[in-house]
Amino acid sequence: MRNALRSAASLGFLLSIAPVLPAQDFGIAVGSKAPGARVETLDGREVDLADYVGKVPVVMEFWATWCSNCKALEPKIQSAIQRYGDRVRFVAIAVSVNQSPDRVRAHKEAHGLRQEFLYDRKGYASDAYEVPATSYIVVVDAKGVVVYTGLGSDQDIEAAVRKALP
């Protein structure tokens, strides 16, 4: 599998440079149609990301329990959910590197996280969205078009969400 997230060495390198990469220079292209990809719910049910896009705006975060950038983004994501959660769907897609659905569920419950969590066991979503590292955010508008991508802990999540709103 060509997924860069499969290699711990690659992941470590990418995480170390994440704060210096500017938005839009990596991953799925802004302006492209958001692809589908098979992932799982935390209870093991298979779902397709195609079912999540094209109805309402969606904020996807490619995420891991061990990701320090993801941890730093948690308050920003939770604030955006509080402000826009009635108009925007928020989904955390847990990568499978050093993860399990049980570990993700425990982290979600321990920290009171309110977004929906999915598990990318086979890396299909990471591949489809060309995910360079965890803390990668993709915002898709209601038409299914990618309007924002970003990486790292200093992203302005609310400004990214506003790009998807009419």
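The values are calculated or read from the model by the stated rules, or taken from the named source; none is laboratory data. What you see is a predicted model, and the numbers here were worked out from it, not measured in a lab. Neighbour counts run over all protein chains shown; Cβ positions are idealised from the backbone, glycine included. For accessibility, only protein heavy atoms count, side chains too; no ligands or nucleic acids. Shrake-Rupley method; radii C 1.70, N 1.55, O 1.52, S 1.80 Å.
General remarks:
- Remark: Ala142 matches the filter, which requires a residue to be farther than 18 Å from Gly27 by Cβ, touching a Lys or Arg at 6+ places or on another chain (Cβ under 7 Å) and in contact (Cβ under 8 Å) with a residue 12 or more places away in the chain.
- Some residue of the range 90-98 being open to solvent by 20 Å² or more (accessible area, probe 1.4 Å) and either touching a His at 6+ places or on another chain (Cβ under 7 Å) or over 15 Å from Thr134 (Cβ atoms) (or both): no
- Subset of the range 118-138 (residues that are within 13 Å of Lys76 (Cβ to Cβ) and either open to solvent by 30 Å² or more (accessible area, probe 1.4 Å) or of a type in the set (Val, Ile, Thr) (or both)): Ile137
- Spans of helices (runs of 4 or more DSSP H) in the range 55-166 with at least 1 residues of a type in the set (D, E, K, R) and under 23 Å from Asp43 (Cβ atoms): 68-84, 101-111
- Single match in Arg83, Arg114, Arg105 (criterion: surrounded by fewer than 19 Cβ atoms within 10 Å (Cβ to Cβ) and touching an Asp or Glu at 6+ places or on another chain (Cβ under 8 Å)): Arg83
- Scanning the range 39-53 turns up one or more residues that are of a type outside the set (A, V, I, L, M, F, W, C) and touching a Phe, Trp or Tyr at 6+ places or on another chain (Cβ under 8 Å).
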